[in-house]
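The structure appears right after this line, and notes come after that.
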Amino acid sequence: MSLAKPDAVDISNKQKVALAIGIIGLFILTLALFNTNFPNKGVFLTCALGLISVGTIIYSRDAYLTKLEGIKNDGVWFKSISSRGVWGWVVGVILTAFYIVLYFYPKYLGLGVDGVVNTGLISLFDPLSQLLSGRQASQWFVYGTLYTIAILAFGYKFILKYRHNRYQQIRTISVMFFQLGFAFLIPEFMYVMNNDLPYYDLKSMWPLNYYIFDEWSVNGFLSNGNIGLALILFGLITIFVISPILTYKFGKRWYCSWVCGCGGLAETAGDSFRQLSSKKMSAWKLERWLIHTVLVFSVVMTTAMVYTYLGYDSNDFWLTRGVFIALVIGFLTLVFAGVLFFKGKELGKDVKYGAIGFFVVIALLVIMHLTGTTKHVFYIKAGALRSIYGIYIGSIFSGVIGTGFYPILGNRSWCRFGCPMAAILGFQQRLFSKFRITTNGGQCISCGNCSNSCEMGIDVRHYAQKGENIVRSSCVGCGICAAVCPRGVLKLENDSMKGRINPTEVLLGNDVDLMDLVNQK
Amino acid sequence: MEHIVIIGNGISGVTLARHIRKLSDKKITIVSGEADYFFSRTALMYIYMGHMKFEHTQPYENWFWKKNRIELRKAFVKQIDTNSKTLLLADGGNLSYDKLVIATGSKPNKFGWPGQDLEGVMGMYHKQDLENLEIYAPNNKACKRAVIVGGGLIGIELAEMLNSRNVPVTFLVRESSFWNGVLPEGESQIINRHIKNHHIDLRLSTNLKEIVSDENGKVKSIIIEETGEEIPCDVVGLTAGVSPNIDFIKSSTIETGRGVKVNRYLETNIPDVYAIGDCAEQHEAIGNRRPIEAVWYTGRMMGETLAQTICGNRIQYKPGHWFNSAKFLDIEYQTYGWVFSEKSKQDYEQHFHWKHHDDTKCITVAYNKDTNDFLGINTFGIRMRHEIFDKWLTEKRDIDYVMNHLVEANFDPEFYSHYEAEILSTFNNQLQTI
């Protein structure tokens with residue numbers, strides 16, 4: 001169909017001014033990047049961040065407050081930036097380049113190592129870092145600040161866009177709060193109080209913060225007495241106790257679209273790209289293999305890391321290598337057997353894949369135990385395993401591809417294809433959770449707005465048009481499918497486990513005898 | 001192997017094909033001249049608005065059809081020969097069948113207005129209508145104003161579409177208030193105001209007299225019947241309802257009225273020929289339903305039903321409780337059971353109406369004033385549960401029960417404000433004053 005870009009979606013003059021303001025802010029940052037030495041860095045930093053925020057705010061207000069409340073998706077597939085057009089690719093390339101430099105060449109951002117003062121972009125952020133924690137900025141501080149600004153400014157935009165929808169507003173305020181407080185400010189203040197503690201974002205849990213059980217990290221915590229011990233215990237409790245309870249009650253959304261920083265950025269700055277995720281069956285298949293492979297990798301890698309710094313002799317410390325490996329295998333076996341016993345039938349042929357995954361992990365752990373030494377696991381240096389994970393999963397997958405490719409792959413490709421945390425929560429959401437997206441009887445008209453706006457690439461319509469509730473491990477519960485549905489068909493709910501998964505052939509509204517005949521089978 | 005040929009790849013035909021495949025190994029062919037693959041007609045508007053691309057309106061991926069052995073033939077049918085059980089196609093081909101299902105849907109009504117076939121005049125029903133609109137109204141420079149004739153569901157959707165590209169719209173509605181042949185007055189008036197709030201030039205009690213051509217045979221303006229006013233425009237949307245798309249059947253031996261006449265088994269007068277969806281006309285209406293039901297859901301239900309008959313379990317089309325839904329610009333509408341407008345309701349039907357002060361939410365509950373039986377509900381701006389109302393209708397609950405349990409039916413997203421308490425107290429107050 002000849003759907004060239006209609007010029008009717010042009011932006012207003014006020015929006016052009018707002019864009020200009022934001023671009024001036026970005027321009028200051030660019031100048032800094034190219035080593036412009038600003039005289040009063042504090043003022044210029046404030047200007048840059050202020051202009052970017054103000055630009056976004058003015059733009060959003062003009063975009064949404066000039067219209068009546070409602071769904072605001074007009075022209076999404078016409079705009080170059082949100083439909084993989086030229087601007088989409090330009091932004092994608094810039095973001096990707098930024099991430100590569102950030103992770104691998106921070107010196108180009110002006111990072112001064114070994115006591116050398118910062119230059120360039122990073123030095124521009126020194127005043128803010130000094131103010132918060134009394135030390136000079138690092139590339140991570142620069143990144144954290146920009147990340148937080150993005151979530152706050154685009155969070156504001158998102159709140160205006162969905163100003164008729166309180167679920168969206170509260171959820172967005174939540175991610176803004178957790179990013180600003182837990183990811184950005186609290187770690188800085190913790191450093192001020194006790195500068196030996198490793199960086200710890202309290203809301204980030206293993207395996208998302210895959211480094212928490214590393215030797216340096218654990219030593220860092222343990223050498224800090226009770227507070228460190230408390231933090232590491234908190235880390236264990238979040239993943240093994242708090243998270244299962246909350247996921248059971250609310251689904252994985254309590255984390256993925258209410259708390260998580262990656263999710264926070266995706267839901268705010270990434271909102272314009274949510275329609276770009278692939279809904280094809282083939283993408284779903286790829287997703288299932290990729291994300292679970294990453295999970296296996298992260299479990300084995302973490303176990304290996306802990307394993308290498310544990311001793312052989314139980315007289316030194318009760319948790320020896322043997323005990324640890326036995327504990328891990330025991331725990332995994334318990335989970336596997338439990339799932340098989342309670343949910344085996346429901347999972348059908350997926351049990352086979354689950355079994356393959358389980359035995360691969362067990363085999364790897366046993367091999368590791370039999371061949372591992374203090375320095376080496378799998379005949380390679382233990383540190384190397386950790387580095388491989390850090391580089392390929394922690395940096396390239398989650399950062400470079402996950403965020404850099406927002407305008408190409410959609411805003412949740414990391415969450416969907418790579419995040420091991422999402423895999424664990426999703427596994428639980430699929431099997432033991434009260435959460436589902438309820439389909440409203442026979443009201444679906446198969447229009448496709450729900451699938452189109454699903455950032456996780458779930459073909460929501462596939463379920464809705466069958467009158468079937470959506471119970472999918474990948475669903476992060478953002479609620480946009482329900483918001484954009486023109487017929488009021490979808491509702492995110494926590495209800496009883498019974499009847500949660502309800503496949504139907506004939507939908508409500510037809511002959512009751514026919515429904516009985518067909519649906520009872 | 002028995003060959004089932006279905007004319008039309010809309011929701012009725014496709015639902016039928018899917019269900020036949022589940023029940024049998026019969027050979028299935030779907031013939032359609034409109035599009036290669038099934039798409040959701042109700043979603044066409046979102047393509048023009050830029051919410052989705054055409055491929056997003058296709059509920060099944062392209063490999064689905066081959067995998068399920070459903071053959072697709074892109075062609076218009078020119079003639080049906082029921083004696084030799086053969087279809088004559090517009091591309092010159094033939095297709096023979098063992099059983100034939102007509103599921104050709106509707107076409108926009110044209111009431112013989114002068115100029116109704118000019119360039120720039122279109123309905124909004126087929127994929128081709130959308131392509132036409134893209135040509136004549138790509139933006140507000142090429143289309144300085146559009147006039148929409150006919151105030152129903154498609155008319156308001158077309159207005160919303162044009163509005164999304166800032167094309168000024170004049171909306172001619174024959175009735176004294178929007179869709180008030182169907183909606184009770186209070187609801188209809190909320191929608192009137194909502195249309196105007198979107199800066200759409202709504203003209204009530206206004207008829208089209210003629211469409212005026214420019215020198216190139218393209219629409220130049222329209223003239224209003226009542227006032228003689230001439231409104232310059234580049235596009236005219238004809239959205240005064242739809243009627244069965246069955247012109248090619250008229251020459252066959254299949255009995256037609258306004259639609260293809262069918263009995264309760266969806267069988268026509270010719271053995272092995274059936275009709276479902278918008279184009280089927282019941283000899284006698286079922287309950288309060290119309291003989292021709294041009295609704296997505298009923299098309300789907302007929303498809304679900306006829307699959308049984310074709311696969312050897314002959315059953316009647318016996319739809320359950322009526323339901324429907326729509327969206328008027330930003331206001332969602334759902335209905336369960338029967339709520340009639342003042343124009344068409346029976347004496348026993350009494351209404352309770354509640355409206356929120358923000359003028360975007362309201363409900364109307366219909367009940368039998370003699371027996372207090374709950375008859376149906378219309379809800380605007382508040383989502384309600386289909387399952388609950390279906391159950392209450394089956395259980396023949398009375399109005400008091402429904403009003404007191406309304407919260408159970410609420411389907412709004414979490415954290416939304418609830419209005420049940422306010423609705424109930426309004427209801428109780430009204431009862432006391434009567």
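Between segment B:392-432 and segment A:99-128, what's the alpha-carbon centroid distance in Å?
61
Exceeding 32 Å between C-alpha atoms, which entries from my cross-link table qualify? They are A:LYS72/B:LYS396; A:LYS72/A:LYS466; A:LYS466/B:LYS327; B:LYS27/B:LYS318; B:LYS209/B:LYS327.
A:LYS72/B:LYS396
If r is the Cβ-Cβ distance from A:SER12 to B:GLU255 and R0 is 60 Å, what FRET efficiency results, to the nearest 0.05?
The formula returns an efficiency of 0.55 here.
State the cysteines of chain A left without a partner when partners are defined as other cysteines whose beta carbon lies under 4.7 Å away.
Lone cysteines by the Cβ rule: A:CYS47, A:CYS256, A:CYS260, A:CYS262, A:CYS415, A:CYS419, A:CYS444, A:CYS447, A:CYS454, A:CYS475, A:CYS478, A:CYS485.
For chain A, with the dipole built from +1 on Lys and Arg beta-carbon atoms and -1 on Asp and Glu ones, taken about the Cα centre, which of A:VAL17, A:SER282, A:LEU208 lies farthest toward the positive end?
Towards the positive end, the residue furthest out is A:SER282.
Name the aspartates and glutamates eligible as straight-distance cross-link partners of A:LYS67: C-alpha to C-alpha under 18 Å, and not fewer than 8 places from it in the same chain.
Straight-distance partners of A:LYS67: A:ASP10, B:GLU157, B:GLU160, B:ASP201, B:ASP330, B:GLU332, B:ASP358, B:ASP359.
Calculate one ³J(HN,Hα) per residue across segment B:258-265 by plugging θ = phi - 60° into the Karplus curve 6.51 cos²θ - 1.76 cosθ + 1.60, and present them in order as whole Hz with x for glycine and proline.
6, x, 7, 6, 9, 8, 5, 8
Show the residues, 5+ positions off or on another chain, whose built amide H is closer than 5 Å to the amide H of B:THR82.
So B:THR82 has HN proximity to B:THR253.
With +1 on each Lys and Arg Cβ and -1 on each Asp and Glu Cβ, how big is the dipole of the protein assembly as shown about its Cα centre, in debye rounded to the nearest 20?
2140
Under unit Cβ charges (Lys, Arg +1; Asp, Glu -1), what dipole magnitude, rounded to 20 debye, does chain A have relative to its Cα centre?
Here the size comes out at about 980 debye.
If each DSSP helix of 4+ residues adds -39,500 (n - 2.57) and the sum is divided by the residues in the protein assembly as shown, what number results at 222 nm, nearest 500 deg cm²/dmol?
-12500 deg cm²/dmol
Please average, across the residues of A:71-79, the number of beta carbons from any other chain that are within 10 Å of each residue's own beta carbon, and give a whole number.
Per residue, the average neighbour count from other chains is 5.
Would you list the membrane-span-like helices of chain A, meaning whole DSSP H runs whose alpha-carbon atoms span at least 20 Å along their axis and whose mean Kyte-Doolittle value is at least -0.5?
Qualifying helices: A:13-33, A:41-64, A:86-104, A:139-161, A:281-309, A:321-347, A:350-371.
Counting pairs of alpha carbon atoms under 8 Å apart in space and at least six apart in sequence, what relative contact order in percent does chain B give?
14 percent.
Given 0.36 nm per residue, what is the gain on full extension from A:ASP316 to A:ILE186 after removing their alpha carbon distance, in nm?
43.3 nm
Give me the net charge for the shell around A:MET305: Cβ to Cβ below 13 angstrom, other residues only, Lys and Arg +1, Asp and Glu -1.
+2
Considering amide H positions built from the backbone, and no H for Pro or chain starts, which residues 5 or more places from B:LEU375, or on another chain, come under 5 Å of its amide H?
Here the answer is B:ALA366, B:TYR367, B:ASN368, since their amide H atoms fall under 5 Å of that of B:LEU375.
Which residue, chosen from B:THR42, B:TRP322, B:VAL295, occupies the Cα position most advanced towards the positive end of the dipole of the protein assembly as shown, where the dipole is computed from +1 (Lys, Arg) and -1 (Asp, Glu) charges on Cβ about the Cα centre?
B:THR42
Measure out, as a whole number of angstrom, how far apart the alpha-carbon centroids of segment B:212-277 and segment A:434-453 sit.
32
Could you report the accessible area of B:LYS391 in Å², rounded to 10, computed with a 1.4 Å probe on the protein chains as they sit in the structure?
Its heavy atoms expose roughly 100 Å² to the probe.
Can you bin chain A into rounded, prolate or oblate? Criterion: square roots of the alpha carbon gyration tensor eigenvalues sorted a ≥ b ≥ c, rounded for a/c under 1.5, prolate for a/b above b/c, oblate for the rest.
Oblate, because a/c is 1.5 or more while a/b does not exceed b/c.
Under a GNM of chain B (C-alpha, springs under 10 Å), which listed residue has the highest mean-square fluctuation: B:ILE270, B:ILE11, B:ILE200?
Top of the fluctuation ranking is B:ILE270.
Which shape class applies to chain B: rounded if a/c is under 1.5, otherwise prolate when a/b exceeds b/c and oblate if not, where a ≥ b ≥ c are the square roots of the Cα gyration tensor eigenvalues?
In terms of gyration-tensor shape, oblate.
Is the shape of segment B:323-433 rounded, prolate or oblate, going by the alpha carbon gyration tensor and its root eigenvalues a ≥ b ≥ c, with a/c under 1.5 for rounded and a/b larger than b/c for prolate?
rounded
Any aspartates and glutamates with Cα under 16 Å of the B:LYS343 Cα? List them, leaving off those in the same chain fewer than 8 positions away.
B:GLU175, B:GLU185, B:GLU187
Ignoring ligands, DNA and RNA, how much accessible area is buried between chains B and A, both sides summed, with a 1.4 Å probe, to the nearest 100 Å²?
The buried area between B and A, both sides summed, comes to about 5600 Å².
Please list, or write none, the aspartates and glutamates whose alpha carbon is within less than 16 Å of the alpha carbon of A:LYS343, excluding same-chain residues fewer than 8 places away.
Within the straight-line cut-off, A:LYS343 pairs with nothing.
On full extension of the chain, what length is gained from A:ASN194 through A:VAL90, given 0.36 nm per residue of separation minus the C-alpha to C-alpha distance?
Contour length minus the Cα-Cα distance gives 33.2 nm.
Can you give the mean number of other chain Cβ atoms that lie within 10 Å of the Cβ atoms in peptide A:498-508?
The shielding value for this peptide is 3.
Remind me, relative contact order of segment B:71-161 in percent, using alpha carbon pairs under 8 angstrom and six or more residues apart?
Reported as a whole number, the value is 12 percent.
Tell me, what is the per residue accessible area of the protein assembly as shown in Å², probe radius 1.4 Å?
42
So, with a 1.4 angstrom probe, what is the percent of accessible area on the protein assembly as shown that is carbon and sulfur?
In the protein assembly as shown, the share of accessible area belonging to carbon and sulfur is 59 percent.
Would you mind counting up the charge near B:LEU202? Only other residues with Cβ under 12 Å from its Cβ, with Lys and Arg at +1 and Asp and Glu at -1.
Computed value for this residue: +1.
How crowded by other chains is B:55-65, given as the mean number of beta carbons from other chains within 10 Å of each beta carbon?
4
For the pair B:ILE270/B:HIS199, report the inter-label distance in nm, with labels modelled 7 Å from Cα in the Cβ direction.
Using points 7 Å along Cα→Cβ, the separation is 5.3 nm.
Among A:GLY404, A:GLY225, A:PHE240, which residue has its Cα positioned farthest towards the positive end of the charge dipole of chain A, with +1 placed on the Cβ of Lys and Arg, -1 on the Cβ of Asp and Glu, and the dipole taken about the Cα centre?
It is A:GLY404.
Can you tell me the dipole magnitude for segment B:121-240 around its Cα centre, using point charges on the Cβ only (Lys, Arg +1; Asp, Glu -1), in Debye to the nearest 20?
For segment B:121-240, the charge dipole is close to 280 debye.
The values are calculated or read from the model by the stated rules, or taken from the named source; none is laboratory data. Quick caveat, the model's predicted, so the values are computed rather than measured. Heads up, the Cβs are rebuilt from the backbone with ideal geometry, glycines too, and the neighbour counts pull from every protein chain shown. Ligands, DNA and RNA are excluded from the accessible area calculation, which covers all protein heavy atoms including side chains. Shrake-Rupley method; radii C 1.70, N 1.55, O 1.52, S 1.80 Å.
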